[in-house]
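The values are calculated or read from the model by the stated rules, or taken from the named source; none is laboratory data. Every value quoted in this text rests on a predicted model; they were computed, and no experiment measured them. Backbone-built Cβ (ideal geometry, glycine too); neighbour counts: all protein chains shown. For the accessible areas, the whole protein counts, side chains as well, though only heavy atoms, and no ligand, DNA or RNA atoms are used. Shrake-Rupley method; radii C 1.70, N 1.55, O 1.52, S 1.80 Å.
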Amino acid sequence: MSANNASGTNPSDPTSSGPSATDKSHLPKQSSSRGPIYAVVAIVIIVVAVVGAGAALGWFSSKSPSTASCPAGSGQTITAAGSTLAQPLMTLWASQYTCGQLEYSGVGSGAGVTDLSQKTVEVGASDAPLSSTQVSALPSGSTVLTIPELVAGVAVIYDVSGIAKGLNLSGSVLAGIYLGQITNWDSSAISALNPAAKLPDANITVVERADSSGTTYVFTSWLSLENTTWKTSVGAATTVAWPTGIKESGSLGVAGTVKSDPNSIGYVDLAYAITNDLAYGAIQNPADNYILPNETNTAAAAAQAGSLPAANAEAGWDSVSLLNEPGATTYPLATFSYVMVYSDLGAVYGSSESHAQAQGVVAFLWWAVTTGQQYSTGLSYVPLPANVVASDETAINSVLYNGATLTSH
């Protein structure tokens, strides 16, 4: 493999499922034994994401709804839970959506799908499509729509003394680290990719997700493409039997541990890496270039997205992937993140879901995949490509209330 670093960065330069919501009005909060660390990380993410992005793009305005520009059913509170990868954007959306209220709990993709199947939220968020087990757990006779909401890059983060962001990392090296085969930062496998870096003689602390995680699904899917041993011995899923490492819940947990534990390595959405000032690697793509993730090279992966399965399809979504897309400067660890909603809200929730409430749900979803996409770039996400937005609009317009169509916009 060649060692072309498309970022131009010199690495030697210093520079389980979560809890389920118990009711529709009080979503669960994440807890952790590392409370002080995670509290700081959470504050950094929310404050930097909203203040930084907002200040840059001029988002700070009154949130008082303009009823003239809002569709029918406005003013409702929409409950949602799931992906921590999507949480920074969901948090910002909650502050900017003026036609109702969004209550979002970042409990992890697996827990979000569980909450949806138990009907304690109206919208589930996951970075992985529904598995056959999750489909079988849905209410009898119901169908869930899978709707892409954002595109993100998954960053490999680390905290290594003297090593800035841009350390060259390949799939085979990362698989070796997570398999427990590469255990020291100055190993020949890592040094060969970074001949100018002064890597320390220090043990690698491996950090991974303990909960059911869509980010894990993306990361392990990519490792399975890159390394045969990983594919056959560990595989790709939202939860896997990790061969080694420290297990933490949520992206906040992984980011907090890497930030506090020297010589550690983990994986999170790029937004968490940037807002927590963590170093992250340049990942080898199929063109043998080492790509430092950003919005441009993640968008290059999203631009390769072809036609998508029908939103109500129970099969086919597991083959949708933005991993290892072609292009000299394309980032190889890109992904969709999805929102999921029942195709007939009235039929599933019964009397607990009014017609107006159902209108509010589809109005928010329409806003999220259209107007809401403008907020993606301030958080290092990528707005959805036009063909994906069109597919989403078709799906949202198909949501029913006891067999009758709803007004989305």
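Brief remarks follow.
- From I147, I157, residue being within 19 Å of M90 (Cβ to Cβ) and either among the acidic types (D, E) or touching a helix residue (DSSP H, G or I) at 6+ places or on another chain (Cβ under 6 Å) (or both): I147
- Taken together, A197, A202, A155, A192 contain a single residue that is out of contact with any Lys or Arg (no Cβ under 6 Å at 6 or more places or on another chain), more than 18 Å from V113 (Cβ to Cβ) and crowded, with 24+ Cβ neighbours inside 10 Å, which is A155.
- The set of residues in region 293-319 that are aliphatic (A, V, I, L, M) and farther than 30 Å from G166 by Cα comprises L308, A310, A311, A313, A315.
- Check on E208, of a type in the set (D, E, K, R), modelled with pLDDT of 95 or more and in contact with a Leu (Cβ under 8 Å, 6 or more places away or on another chain): no
- Restricting region 158-183 to residues that are polar (S, T, N, Q) and outside any loop (DSSP other than H, G, I, E, B) leaves a set whose member that is most open to solvent (accessible area, probe 1.4 Å) is S172.
- Any hit, region 383-391, residues being part of a loop (DSSP other than H, G, I, E, B), open to solvent by less than 50 Å² (accessible area, probe 1.4 Å) and among the aliphatic types (A, V, I, L, M): yes
- Pairs with Cβ under 6 Å, 6+ apart, first in region 366-385 and hydrophobic (A, V, I, L, M, F, W, C), second part of a helix (DSSP H, G or I) and open to solvent by 20 Å² or more (accessible area, probe 1.4 Å): V369/V389; V382/E295; V382/A299
- Where a residue in region 116-132 is closer than 14 Å to W317 by Cβ and its partner, wherever it lies, is of a type in the set (S, T, Y) and part of a loop (DSSP other than H, G, I, E, B), with Cβ under 6 Å and at least six apart: S126/S83; D127/S83; A128/T238
- Subset of region 343-361 [more than 19 Å from G112 (Cα to Cα) and either open to solvent by 20 Å² or more (accessible area, probe 1.4 Å) or touching a Cys at 6+ places or on another chain (Cβ under 6 Å) (or both)]: A347, G350, S351, S352, S354, H355, A356, Q357
- In this structure, S398 does satisfy being open to solvent by 10 Å² or more (accessible area, probe 1.4 Å), out of contact with any Pro (no Cβ under 6 Å at 6 or more places or on another chain), outside any helix (DSSP H, G or I) and not charged (D, E, K, R).
- Looking only at region 351-382, and only at residues there that are outside any helix (DSSP H, G or I) and within 20 Å of the chain's Cα centre (by Cα), the one that is nearest to I147 (Cα to Cα): T370
- For region 130-142, filtering for residues that are in contact with a Ser or Thr (Cβ under 6 Å, 6 or more places away or on another chain) and surrounded by 16 or more Cβ atoms within 10 Å (Cβ to Cβ) leaves 1.
- Any pair with Cβ under 6 angstrom, 6 or more apart, that starts in region 300-321 at a residue that is acidic (D, E) and ends at one that is surrounded by 17 or more Cβ atoms within 10 Å (Cβ to Cβ) and assigned to a loop (DSSP other than H, G, I, E, B): D318/P129
- Close Cβ contacts (under 9 Å, 6 or more residues apart or on different chains) running from residues in region 329-345 that are modelled with pLDDT under 95 to residues that are buried (at least 24 other Cβ atoms within 10 Å of the Cβ) and hydrophobic (A, V, I, L, M, F, W, C) are absent.
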